[in-house]
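Beneath this line is the structure, given in structure tokens, with notes to follow.
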Amino acid sequence: MKKLAFLLFACLCLGGLQAQQKSDLPNVTLKDLSGKSVNISTLANDGKPVVITFWATWCKPCIKEHDALNDIYSDWRDETGVKIYSVSIDDSRSTARVKPFVEGKGWEFDVLLDVNGDLKRAMNVSNPPHTFLLDGSGKIVYQHSGYVDGSENELFQEIKKVAK
């Protein structure tokens, strides 16, 4: 009986370690702008870096950050293969504005809707903008809260480190 209990314990521990090694992302499902469900824990980019940035339509620094990121996103993709996911934390009262807002801005990232704040809570985001960088295996290797002009340059230096 002790051997069985030990084996069960060992399996649970190893399973937990394996799950942790796969990704630091929580098992939360959001919708994209077309209504398709996306499970965050399965986000992948063929071993290349992923950026997840939280924002809202009412957040001026978020909009400045997204405009700056959008201006250089294609260059970053060409150089590092990075993929950016933009997570709107607009609630049910303002979420209808997100799609026309994004289309009007011409942002090229994949936009996800966190209407209930599930991902925001799971990733301990208190105020937007909040940006996470994940390496090719889904581990969070860098995060930054807030935005000042030029913050995107620091993010890109970190992206280049994990893209090597």
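The values are calculated or read from the model by the stated rules, or taken from the named source; none is laboratory data. Model, not experiment: these values are computed from the prediction. Here Cβ is always computed from backbone atoms with ideal geometry, including for glycine, and neighbour counts include all displayed protein chains.
Of all residues in the range 43-58, count the ones that are of a type in the set (Asp, Glu) and crowded, with 21+ Cβ neighbours inside 10 Å.
Residues that pass the stated criteria total 0.
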message = Among the residues that make up the range 44-61, is at least one of them closer than 16 Å to Gly146 by Cβ, charged (D, E, K, R), part of a helix (DSSP H, G or I) and modelled with pLDDT of 95 or more?
response = yes
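Is it the case that the range 79-91 has a residue that's of a type in the set (S, T, N, Q) and farther than 24 Å from Ala44 by Cβ?
Quick first cut of the range 79-91, residues of a type in the set (S, T, N, Q) only: 80, 86, 88.
Filter once more, keeping what is farther than 24 Å from Ala44 by Cβ: none.
No: the range 79-91 contains no residue that is of a type in the set (S, T, N, Q) and farther than 24 Å from Ala44 by Cβ.
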request  = Would you mind finding the one in Asp78, Asp71 that is in contact with a helix residue (DSSP H, G or I) (Cβ under 9 Å, 6 or more places away or on another chain) and either closer than 18 Å to Lys99 by Cβ or surrounded by fewer than 13 Cβ atoms within 10 Å (Cβ to Cβ) (or both)?
outcome  = Asp71
